[in-house]
Amino acid sequence: MSTQLQILVDADACPVKDEIFRVAERHGVPVVVVSNSYMRLPADPLIERVVVSDGFDAADDHIAERAGTKSVVITADIPLADRCLKAGATVIAPNGKPFTPDMIGGALATRAIMQDLRAGSVGGNIGGPPPFSKADRSRFLSVLHDTLEKMARD
């Protein structure tokens, strides 16, 4: 757990890495990019690459262990968001919607119901989340900027 403001990124399926890097650079905030495999990242002293094993939840475990009150975690993974919230982190989904202690229980329950529905659907397609949009990207940029501004003041 860090005492310095940091951004932790669950990077394997993150569609807003470039946006994170731009906002982090503007604010001078270090970014830890955690993935199960090597990915090309900008050469920047503020960006740290962490490649974990491809073991189940290895990236999630690494992020959850480093998360704390000075962390902004970027993830779409609801169980990881729950773990990070419990560690005191601020958690934002790539679409810009924040995870909060008030809503995480409902999100976990909905996730479980959807998993059950998908597992039981015979030949049917329950579907997943809507496609990532320009509005999602714009909302994410705004929320991340505002979050870093607020945390820097606190």
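Which parts of the range 11-50 would a label at ARG153 reach, counting a residue when its backbone N lies under 17 Å from a point 7 Å out along Cα-to-Cβ?
Counting only backbone N, you get 27.
Collect residues whose amide H, placed 1.01 Å from N in the peptide plane, falls under 5 Å from the amide H of LEU8; neighbours closer than 5 in sequence don't count.
Answer set, sorted by chain and number: VAL32, VAL72, VAL73, ILE74.
Quote to one decimal, in nm, the extra length available between PHE56 and MET103 on full extension: 0.36 nm per residue of separation minus the C-alpha distance between them.
So the extension gain works out to 14.4 nm.
When the dipole is taken about the Cα centre of the range 1-94, and only Lys, Arg (+1) and Asp, Glu (-1) are charged at their Cβ, what size is it in debye, to the nearest 20?
340
Can you spot the lysines whose alpha carbon is less than 30 Å from LYS86's alpha carbon? Ignore those fewer than 8 places along the same chain.
Counting by Cα, and skipping residues close in sequence, LYS86 has these lysines nearby: LYS17, LYS70, LYS97, LYS150.
Read-outs: derived from the displayed coordinates by stated rules, not from any lab. Predicted model, so just to flag it, every value in this text is computed and none were measured. Quick reminder, even Gly has a Cβ in these numbers, built from the backbone with ideal geometry, and neighbours come from all protein chains shown.
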